[in-house]
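Novice: First, the structure itself, so that you have it in front of you.
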Amino acid sequence: MNSKLIAPSLLASDFANLQRDIEMVNKSEADWFHIDIMDGVFVPNISFGMPVLQAINKHAQKTLDVHLMITDPDRYIKEFANLGADNLTVHFEACTHLHKTLQSIKSEGMKAGVAINPHTSVDLLKDVIKDIDLVIVMSVNPGFGGQSFIENTYNKIQRLKEIIVTHNAPTLIEIDGGVTDENAKKLVKAGADVLVAGSFVFKAKDSLETIKNLKKIANSK
């Protein structure tokens, strides 16, 4: 059984103390940094831009899991590779030629991810599943942190797992939004491999302990 991964979402960190929060994640049992890039067009919010990602990369000692919530992501693939992204995820809803986009990401040496919004069916990924390294299933509507979890997510994970197994694909399933110690076990049981946690980690009294506990729950038999 592969170890389940925890990816704290820096969108929920304290932007005025970003280096401190990055160093906390470095010290923690977390596996990845999850970084949301938003353009205010694809989602109704604006978050980190290129210079901030560059600054994060200077201090981060773990995988940079970059999630693009932007229109026309193809324009920036090379730039994100140069900024140090290890995984680059684009939204299904933002890509007209998804297969081509995935190939472009891989050609820059990054893992290629596809994110799907709550209303998007996982069945739409069947034809390209073998080309996808990870699928981010949005368990809240993208754009803002701290939203409550959408219950239908469990069914989507199970269905996506079936598609991955049927096609013998190497794809990881990543869950983004509303992840806590209360639903982590159930998400993993449904088939999740990576759990993104934002507010739950950074608003906790003891973020290190919270990450440790989440990792333990996700990997308990």
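Novice: Mean Kyte-Doolittle of at least -0.5 and a Cα length of 18 Å or more along the axis: which whole DSSP H helices of the chain meet both? Numbers along the way, then the final one.
Specialist: Values: long enough: 153-166 (20 Å, -0.29).
Helices meeting the criterion: 153-166.
Novice: Given a cut-off of 28 Å, name the pairs among Lys58/Lys186; Lys106/Lys156; Lys78/Lys203; Lys78/Lys205 whose C-alpha atoms lie farther apart than that in the structure shown.
Specialist: Lys58/Lys186; Lys78/Lys203; Lys78/Lys205
Novice: Relative contact order for region 32-144 using alpha-carbon pairs under 8 Å, separation at least 6, rounded to a whole percent?
Specialist: Values: 200 pairs, mean separation 26.3, N = 113.
Rounded, it is 23 percent for region 32-144.
Novice: A further question follows. So for region 126-221, what are the equivalent ellipsoid semi-axes in whole Å, largest first, each being the square root of 5 times an eigenvalue of the Cα gyration tensor?
Specialist: Numbers: eigenvalues 120, 43, 25 Å².
Those come to 24, 15, 11 Å.
Novice: Could you work out how much longer the chain between His119 and Asp14 gets when fully extended? Use 0.36 nm per residue separation minus the Cα distance between them, nm to one decimal.
Specialist: Answer, rounded to one decimal: 34.8 nm.
Novice: Counting other beta carbons within 10 Å of each residue's own, what order do Met38, Met50, Met69, Met24 fall into, fewest first? Spell out each step's value before the answer.
Specialist: Numbers: Met38 21, Met50 13, Met69 26, Met24 18.
In increasing order of surrounding Cβ atoms, one gets Met50, Met24, Met38, Met69.
Novice: Here's something else I'd like to know. State the Cα centre-to-centre distance between region 79-113 and region 18-57 in whole Å.
Specialist: Centre-to-centre distance over Cα atoms comes out at 17 Å.
Novice: Based on the inverse mean of 1/r over its pairs of different Cα atoms, what is the Kirkwood hydrodynamic radius of the chain, in Å?
Specialist: Details: mean 1/r = 0.0583 Å⁻¹.
Mean inverse Cα-Cα distance, inverted, gives 17.2 Å.
Novice: With a sphere of radius 12 Å drawn around the Cβ of Lys216, what net charge do the other residues whose Cβ falls strictly inside it have (Lys, Arg +1; Asp, Glu -1)? Don't skip to the answer; put the middle values down first.
Specialist: On the way: positive: Lys4, Lys185, Lys212, Lys215, Lys221; negative: Glu29, Asp181, Glu209.
Here the count lands on +2.
Novice: No solvent, one uniform scatterer per C-alpha: report log10 I(q)/I(0) for region 10-130 via the Debye equation at q = 0.12, 0.14, 0.22, 0.23 1/Å, two decimals.
Specialist: -0.44, -0.60, -1.30, -1.38
Novice: Counting only C-alpha contacts under 8 Å and six or more residues apart, can you give the relative contact order of the chain as a whole percent?
Specialist: Working: 447 pairs, mean separation 49.2, N = 221.
Computed value for the chain: 22 percent relative contact order.
Readers should treat all values here as calculations from the given coordinates under stated rules, not as data from a laboratory. Remember, predicted model here, so these are calculated numbers, not experimental data. Because the Cβ atoms are built from the backbone with ideal geometry, glycine has one as well, and the counts that use them run over all protein chains shown.
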